[in-house]
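The values are calculated or read from the model by the stated rules, or taken from the named source; none is laboratory data. This is a predicted model, so every value here is computed, not measured. Methodologically, a virtual Cβ is constructed for each residue, glycine included, from the backbone with ideal geometry; neighbour enumeration extends over all protein chains shown.
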Amino acid sequence: MGLRKTTDRNREIFARFKAGQTVESLGEQYGLSIVRVRALLIEEKHRYEVSPDCFYRTWRDAALSG
């Protein structure tokens, strides 16, 4: 899987988790272990909090306005 595909997948998993999906269901859906999904969510949470990337800025701005 290429870097862009992995990045997109990780962002999608993070968004689905924020929308209420469980770690277990995400693992099943994406063929990942629960441990890997949790690690991925920790990484994405950190990026969400500090990254200047437009994707994460948009999420932060939406959280502040909503």
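Cβ-Cβ below 7 Å, separation at least six or inter-chain, first residue in segment 53-66 and surrounded by 10 or more Cβ atoms within 10 Å (Cβ to Cβ), second not in a helix (DSSP H, G or I): which pairs?
From segment 53-66, no pairs qualify.
Pairs under 8 Å by beta carbon, first residue surrounded by 14 or more Cβ atoms within 10 Å (Cβ to Cβ) in segment 13-32, partner part of a helix (DSSP H, G or I) and of a type in the set (Lys, Arg), six or more apart or different chains?
Pairs that qualify, where the first residue is surrounded by 14 or more Cβ atoms within 10 Å (Cβ to Cβ) and the partner is part of a helix (DSSP H, G or I) and of a type in the set (Lys, Arg), are PHE14/LYS45; VAL23/ARG38; LEU26/ARG16; GLY27/ARG36; TYR30/ARG9.
Determine whether segment 55-66 contains at least one residue that is in a loop (DSSP other than H, G, I, E, B) and farther than 21 Å from LYS5 by Cβ.
Among the residues of segment 55-66, at least one is in a loop (DSSP other than H, G, I, E, B) and farther than 21 Å from LYS5 by Cβ, which makes the answer yes.
Take LEU40 and tell me if it is surrounded by 14 or more Cβ atoms within 10 Å (Cβ to Cβ), of a type outside the set (Lys, Arg), closer than 26 Å to LEU64 by Cα and modelled with pLDDT of 95 or more.
Numbers: surrounded by 14 or more Cβ atoms within 10 Å (Cβ to Cβ): yes; of a type outside the set (Lys, Arg): yes; closer than 26 Å to LEU64 by Cα: yes; modelled with pLDDT of 95 or more: yes.
Taking the combined requirement at face value, the residue satisfies it.
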